[in-house]
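**Student:** Below is a structure I'd like to ask you about.
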Amino acid sequence: MDLEANARRHRTSTAASAVPERVPDERFVARALEGDRSAFEALVRRHQTPLVNHLYRLIGSRDAALDLAQDVFIKVYTSLASFDPRYRFTTWLYRIASNCAIDQLRRKQIPTFSLEPAFGDLDTPDAASRLAGTGPDPDQVLRLRELQGRLDTAIQDLPPAYRELILLRHRQHCRYDEIARITRLPIGTVKNRIFRAREILRESLADLLAGEASA
């Protein structure tokens with residue numbers, strides 16, 4: 001399963017061959033279990049880009065993320081019969097991806113990851129929106145870039161357990177109950193860790209946020 005080649009084919013495919021967004025993932029799973037190989041390929045096309053991006057932010061290497069995503073999809077394919085249709089397919093997919101990423105980090109001891117930050121994705125004071133206004137001038141653009149750079153560093157510095165929860169919540173837009181299933185943590189622990197992670201980020205950015213509030 002060559003994800004890079006598959007991605008290239010997907011980018012150059014016609015609209016007629018695109019995966020219909022109205023078809024639920026769970027229906028593709030059912031068809032794949034009936035022996036329809038194209039149904040599983042549709043799932044891969046639909047989810048490979050966000051999955052690779054998520055793994056990249058966790059482990060910090062694009063090549064490693066591509067390889068790991070391939071491993072994840074292989075595990076998903078071989079375990080389809082164990083999928084519980086009461087839950088969303090993405091919850092199950094990201095739980096498998098989370099386990100694979102943890103194993104990878106333990107083996108390789110990769111210390112950091114890269115993130116293209118979008119400050120509005122976090123439940124912090126909406127400094128990005130204030131900066132944007134009705135059309136940011138060059139000084140505002142520079143301040144926004146500084147804020148994004150600081151946010152990138154702050155997230156990198158989070159403990160790995162907090163970092164993963166923040167990414168699942170604010171980049172993958174998972175609900176708390178979904179995160180609990182993905183990480184196999186009690187939902188109360190998930191909420192507490194995300195709250196603490198936000199507080200750490202706010203503390204790390206306190207000087208910049210205070211400056212924007214007084215601007």
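**Student:** Could you list, ordered by first residue, the pairs with Cβ atoms under 6 Å in which the first is in region 35-55 and assigned by TED's automatic domain parsing to the domain that holds ASP25 and the second is modelled with pLDDT of 90 or more and charged (D, E, K, R), at least 6 apart or interchain?
**Tutor:** Note: pairs meeting the criteria are ALA39/ARG31.
**Student:** Write out, first by first residue and then by second, each pair whose Cβ atoms fall under 6 Å of each other, whose residues are 6+ apart or on separate chains, and whose first residue, in region 90-108, is farther than 11 Å from ILE59 by Cα while the second is basic (Lys, Arg) and surrounded by fewer than 19 Cβ atoms within 10 Å (Cβ to Cβ).
**Tutor:** ILE96/LYS75
**Student:** Only helices (runs of 4 or more DSSP H) wholly contained in region 86-183 count here; list those with 1 or more residues that are surrounded by 15 or more Cβ atoms within 10 Å (Cβ to Cβ), at pLDDT below 85 and not small (Gly, Ala, Ser).
**Tutor:** 89-108, 127-132, 138-156, 160-170
The values are calculated or read from the model by the stated rules, or taken from the named source; none is laboratory data. Nothing here was measured: the structure is a model prediction, and the numbers come from that model. Reconstructed Cβ throughout: ideal geometry from the backbone, glycine too, with neighbour counts over all protein chains shown.
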